[in-house]
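Data block below; observations after.
The values are calculated or read from the model by the stated rules, or taken from the named source; none is laboratory data. For clarity, every value in this text was computed on a predicted model and none was experimentally measured. Every residue, glycine as well, gets a Cβ built from its backbone with ideal geometry; the counts of neighbours run over all protein chains shown. Quick note on the areas: whole protein, heavy atoms, side chains included, nothing else; ligands and nucleic acids left out. Shrake-Rupley method; radii C 1.70, N 1.55, O 1.52, S 1.80 Å.
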Amino acid sequence: MEIGKENKFIEFLKKYGLYMAVGVVVFAVALTFTLIAALNGSVPTGVTNLNFMLPMENATIVKDFSNTELQENATLNQWEAHLAVDLTSENSDVYAILDGTVASIDYDYINGYTVTIEHSDGFVSVYSSLSETVDVKELDEITAGEKIGEASESASGELDLGSHLHFTLLLNDEYVDPNDYLSLQAK
Ligand SMILES: [Zn+2]
């Protein structure tokens, strides 16, 4: 009786063993791909999950980001790194690029009126050279695409550029090139 059972099991393996082996391999491969997909989703690679919106409509870059090459500042008559992008547009409205909270509203002679918004995932966006009347106040909860102010000539350090937005993006307290996250129209 026992031997008969064993024989039946061997018969079963002979008949279906290959199918079972194929099944195990297919399952292992599927599991591997699922794990890889899950890992990729959880590791921030710059643009994942966040839905960036543009700070101005149909903007033109009048001065691009540069952290290594110095650019001439015709107003201050000096060569300097430009850790921001300068944008102009027919519509001077300026919009938040992501959901967030207004961290500060400041003024200084060089950068003009500036709104700083803190976002998730370590991003901070800074909108400078705004006109004096901004549409937000400190601690306001902002939605991506919400108007926060208007571009102007308030940045006295960049008067040669005329009315524009001086837009700065930080990730984990480091300046990053906004072009890496936003599809800004090059000049
Ligand atoms: Zn600038």
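Looking at segment 170-184, is at least one residue open to solvent by less than 30 Å² (accessible area, probe 1.4 Å) and assigned to a loop (DSSP other than H, G, I, E, B)? There is at least one residue in segment 170-184 that is open to solvent by less than 30 Å² (accessible area, probe 1.4 Å) and assigned to a loop (DSSP other than H, G, I, E, B). Go through segment 61-103 and report how many residues are under 18 Å from the mean Cα position of the chain (by Cα), over 18 Å from E153 (Cβ atoms) and within 11 Å of the ligand (Cβ to nearest atom). Residues that pass the stated criteria total 4. When segment 108-130 is filtered for residues that are more than 16 Å from the ligand (Cβ to nearest atom) and in contact with a Phe, Trp or Tyr (Cβ under 9 Å, 6 or more places away or on another chain), the ones remaining, listed by number, are I117, F123. Taken as a whole, the structure leaves V134 outside the set of residues that are β-branched (V, I, T) and either touching a Leu at 6+ places or on another chain (Cβ under 7 Å) or touching a residue at least 40 places away in the same chain (Cβ under 8 Å) (or both). Given the criteria in contact with a Leu (Cβ under 6 Å, 6 or more places away or on another chain) and of a type in the set (V, I, T), does V124 qualify? Yes, satisfied. Among the residues making up segment 154-169, a single one is open to solvent by 40 Å² or more (accessible area, probe 1.4 Å) and not in a helix (DSSP H, G or I): S163. Cβ-Cβ distances below 9 Å connect the following pairs, each with a first residue in segment 164-185 that is at negative phi and touching a residue at least 12 places away in the same chain (Cβ under 8 Å), a second residue that is assigned to a helix (DSSP H, G or I) and within 12 Å of the ligand (Cβ to nearest atom), and a separation of six or more residues or different chains: H164/E158; H166/G157; H166/E158; F167/P178; T168/P178; L169/P178; L184/P178. What number of residues within segment 14-39 satisfy the criterion of being open to solvent by 70 Å² or more (accessible area, probe 1.4 Å) and either in the same structural domain as F167 (by TED's automatic domain parsing) or modelled with pLDDT of 70 or more (or both)? Number of matching residues: 15.
Tell me which strands (runs of 3 or more DSSP E) are completely within segment 50-153 and hold 3 or more residues being open to solvent by 20 Å² or more (accessible area, probe 1.4 Å), or say none if there are none.
Values: elements: 60-63, 66-73, 78-82, 85-88, 93-95, 100-108, 112-118, 123-130, 147-150.
Once the strands (runs of 3 or more DSSP E) in segment 50-153 are filtered for at least 3 residues that are open to solvent by 20 Å² or more (accessible area, probe 1.4 Å), what remains is 66-73, 78-82, 100-108, 112-118.
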